[in-house]
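First the structure, in the form of structure tokens, and then the observations on it.
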Amino acid sequence: MASRKKTLLKVIILGDSSVGKTSLMNQYVNRKFTNQYKATIGADFLTKELTVDDRTVTMQIWDTAGQERFQSLGVAFYRGADCCVLVFDVTAPNTFKSLDSWRDEFLIQASPREPENFPFVLLGNKVDLEPRAISSKRAQQWCQSKNNIPYFETSAKEGLNVEQAFMAIAKNALAQQNSTVDLYNEFPDQIKLTNTQKPSGGSGCCQ
Amino acid sequence: MGDSLNDCIEIFTQDGVLLKQAQASYMSYINSIGTLYISESLNSSQKKFIEWKPNDITVDSDIQDQEWAVVNTIQKRTRTLSGNFPPDYQNRVRCIMISLDEVKSFRVANKYRHLTFYDGKSEALCSFVFQHGNCEGLIKGVLGTILKTSVSKRDKHLYIVYDANTLEIQQLDRSFAELNLQSEGSAFWKMVKNIKEHPYEATFEAFAKVTDYVYRSPEQREIDARECEDLNRSISEYENTTTTTHSQGDYEVIAKVPELPPRKDFPRLRPMTVEQWRGHLNFDGRIEDVDSIKTLVFRGGITPSLRKEVWKFLLDYYPWTSTETERQKLVKAKSDEYFMMKLQWKSMTKVQEDNFSDYRDRKSLIEKDVNRTDRTLDFYAGDNNTNLQMLNDILMTYIMYNFDLGYVQGMSDLLSPILQLIGDEVDSFWCFVGFMNRVIRNFDIDQAGMKEQLSNLHTLLAFVNPELATYLDTHDSGNMFFCFRWLLVWFKRELTQEDVMRFWEVLWTGYPCENFHLLVCVAILESEKDNIIKNEYGFTEILKHINDLNGNLDIAQMLNKAEGIYYQIKEADHLTDDIRMLLGLPLLGNQNSYGSHEQSPFEDSAELSNGTQPCCSVENVRISPDEGAYERALVASFL
């Protein structure tokens, strides 16, 4: 069933403090980088329109605080997420070690319908910095162990791979949303009374 | 409850327990210190109770209790685990007695020092602070064996009580009792007789009672289906929702929302000048009239050149009563203390650090945050800036000052304006300590302090602007999370450095009431109400809208409006005790009203509260006066 209503993809960025969550989001949405971002307090989001497979979607990217104790408030923000982006800093081994707990915590708090199939994307950020502590191979192994999570190495500072990573995030989020929509097929699309255009096929429409 | 008080044995006692929260009828004992007991009824029911009595009512039983006391070096600390009667048992006046059956969950906070019991219907039964030691023994040793509990998955400090086996039986008993068939036999036999004489009528009457039960007691019927998960949810909902209109069982707002008195305007005054300040110092540098100084600061802030001096008083570094000579001595001593603590981390060897992951994590987090705190300000700009080094060193030394807390994100924001203004490392540290002491609960590991504030904010908003509060409730935003950043760092992220300094110094005076910063939030939200409601904003849009106010807030207007709101609340005829508590106002304390609404006509209470007739239609609000409790409450100060 082709949907004419605007598609909104909700994406949550998680990871330890200072791995570059805010920077990645700003680089992708505003194509800007500054090292003057403050530590995120509470939560905020940015939106960006993009085209995925000839379809225009709006991606709502949520940026959260990285310190562990602030996660107890996460549940309000995680609700309805279509994809979760995990970020670590390739030069800081601890931020890689925390990935498991970020992933688990997200699954517990967001409690998605099918946790084993919920899309995650892993970003190893700050590849512009030396020395490197986590190799690509090690990160990929972790991804394989988690049901083949897509992995991208990025530099928010130089804009490296950021566009590609978020495109993959959007595709995964969209796939997730479509699979969830299928579950609700018994409900017809929203009927807009002002909509003069005839919906292109599909059930439950009454012109 | 029905059990005779004398037929109980004590399983556990603990003294030095402060009553922090209780049903309205015990209001006058709030903040009193007393003894907590867990006792068991000796009759066949073997019911167990939580009991608490204040210290001043009966003889202290410490001496007699020595037989079972765990010997401690700290004076007057006793904890007993005993199956015997304490000798003075009969003399005790019981203050609070709650059946353990009523307890559906309990929650610990502040390292087992704070214990709250809940009834599972979103209400706190009572809450205690353990001043001698903590309640870990009570929970693990006593409650853990009496009750079937499990730790909540969502909140490791929350213990859920469940007892599936007995619930079903109790439920069955209750359903019979509800039908009134077997109470004392008489009703039952009457019915049997009726059936014999008027078979149709009597049978239908009995069925009618069944339907009455079915339709009118849904709450009771749900009990046997209640499981851990539900309780969990009810507690978390409790934390997220307000209870203004029906909080303590002492008020009952049935229909019409009462109006607040008209809002007055409180224009801001000019900042306190150097002359005004000097005029308040006597010959040896002591401040003559502290209240008058605080009023000046509250009304207009402090002229920038004077801030450096006055902040040290406002932030409790210099005692208000000190003389110039005393302050010089103090600075010397505090300087030594600071450098001693600084040396502790400075002298840590690499091996020590390698073996101390907690310390390493804190150190690294401070380093990361210092590098991104207010770097756009000249004071913190550029590489190798010595001010950044000071920011770092003060935060590192604070770890040594407060090991339990360490470093939490947001703290560098609180320090930044202080250091920028004070300039000196030692003085800035002690002023920062003073600020931290006021907001330390913002940084609770489980965020309990923040959740409590968000919930208090909702309570105040619901009182001042019920329409907006209801709108937020129905749009996924009753949790007030969108105000998180405002509250965590006191609007630091929303204001310029100059404005934040003005705003903070006004709030530090503690005038005109406690939690005034929450009224500032209410004032801003009220200004944004039309935007929010007209645009039909939901959770996401509200959060965005509030975050985007950053940089567009007028502090003079905020403070003016918040003060107006404060006086509106204070003068409102329907002002409830929960709001009074939040603002540190004297409580009305209505001991007689609990469970007996009918006997307390509203007219009397209106006269008692301020001697005037209500100016708005509030006939549905019932509060009952108790002059004695009112007087006692005047003395009790609520945190």
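The values are calculated or read from the model by the stated rules, or taken from the named source; none is laboratory data. No experiment lies behind these values; they were computed from the predicted model shown. Every residue, glycine as well, gets a Cβ built from its backbone with ideal geometry; the counts of neighbours run over all protein chains shown. The accessibility values were calculated without ligands, DNA or RNA, using every heavy atom of the protein model including side chains. Shrake-Rupley method; radii C 1.70, N 1.55, O 1.52, S 1.80 Å.
Of note, residue A:207 does not satisfy the criterion of being modelled with pLDDT of 95 or more and open to solvent by 90 Å² or more (accessible area, probe 1.4 Å). Of the residues making up the stretch A:1-34, those that are in contact (Cβ under 8 Å) with a residue 60 or more places away in the chain, assigned to a loop (DSSP other than H, G, I, E, B) and within 14 Å of chain B (Cβ to nearest Cβ) are A:15, A:16, A:18, A:19, A:20, A:33. Here residue B:389 fulfils each of the conditions (1) touching a Phe, Trp or Tyr at 6+ places or on another chain (Cβ under 9 Å); (2) among the polar types (S, T, N, Q); (3) in a helix (DSSP H, G or I) apart from (1).
Table: residues versus (1) open to solvent by 20 Å² or more (accessible area, probe 1.4 Å); (2) at the interface with chain B (Cβ under 10 Å from one of its Cβ atoms).
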position	(1), (2)
A:36	yes, yes
A:46	yes, yes
A:60	no, yes
A:83	no, no
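Residues that are over 14 Å from the mean Cα position of the chain (by Cα) number at least 3 in the following strands (runs of 3 or more DSSP E) confined to the stretch B:95-134: B:96-99. Under the condition of being within 13 Å of another protein chain (Cβ to nearest Cβ) and assigned to a loop (DSSP other than H, G, I, E, B), which residue from the stretch B:544-553 is least open to solvent (accessible area, probe 1.4 Å)? Per the stated criteria, the residue is B:549. Taken over the stretch A:69-100, residues that are of a type in the set (Gly, Ala, Ser), modelled with pLDDT of 95 or more and farther than 24 Å from residue A:163 by Cα amount to 1.
For the stretch B:461-543, the helices (runs of 4 or more DSSP H) that sit wholly inside it and include 3 or more residues that are surrounded by 22 or more Cβ atoms within 10 Å (Cβ to Cβ) and within 14 Å of chain A (Cβ to nearest Cβ) are B:484-488.
To keep it simple, each residue is scored yes or no on (1) within 16 Å of the chain's Cα centre (by Cα); (2) within 24 Å of residue A:148 (Cβ to Cβ).
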position: A:17; (1), (2): no, no
position: A:23; (1), (2): yes, no
position: A:42; (1), (2): no, no
position: A:45; (1), (2): yes, no
position: A:91; (1), (2): no, no
position: A:100; (1), (2): no, yes
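Scanning the stretch A:117-129 for residues that are within 14 Å of chain B (Cβ to nearest Cβ), part of a helix (DSSP H, G or I) and under 30 Å from residue A:8 (Cβ atoms) turns up nothing. Which of the residues belonging to the stretch A:115-169 are out of contact with any helix residue (DSSP H, G or I) (no Cβ under 8 Å at 6 or more places or on another chain) and acidic (Asp, Glu)? Selection gives A:116, A:128, A:130, A:158.
Taking the criterion of being within 19 Å of residue B:496 (Cα to Cα) and outside any helix (DSSP H, G or I), the only residue of the stretch B:392-414 that qualifies is B:410. Could you check, for the stretch B:398-418, whether at least one of its residues is within 23 Å of residue B:499 (Cβ to Cβ), among the hydrophobic types (A, V, I, L, M, F, W, C) and more than 14 Å from chain A (Cβ to nearest Cβ)? Scanning the stretch B:398-418, I find at least one residue that is within 23 Å of residue B:499 (Cβ to Cβ), among the hydrophobic types (A, V, I, L, M, F, W, C) and more than 14 Å from chain A (Cβ to nearest Cβ), so the answer is yes.
If you go through the stretch A:62-77 and keep only what is of a type in the set (Gly, Ala, Ser) and either farther than 20 Å from residue A:23 by Cα or more than 8 Å from chain B (Cβ to nearest Cβ) (or both), you end up with A:72, A:74, A:76. Does residue B:425 fit the bill of being within 14 Å of another protein chain (Cβ to nearest Cβ) and closer than 20 Å to residue B:341 by Cβ? Answer is no for this residue.
The number of residues in the stretch B:428-458 being open to solvent by 10 Å² or more (accessible area, probe 1.4 Å) and away from every other protein chain (no Cβ under 14 Å) comes to 4.
Per-residue answers, yes or no, for (1) open to solvent by 50 Å² or more (accessible area, probe 1.4 Å); (2) of a type in the set (Phe, Trp, Tyr); (3) more than 25 Å from residue A:40 (Cβ to Cβ); (4) within 14 Å of chain A (Cβ to nearest Cβ):
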| position | (1), (2), (3), (4) |
| --- | --- |
| B:336 | yes, no, yes, no |
| B:342 | no, no, yes, no |
| B:357 | yes, no, no, yes |
| B:371 | yes, no, no, yes |
| B:382 | no, no, no, yes |
| B:386 | yes, no, yes, no |
| B:389 | yes, no, no, no |
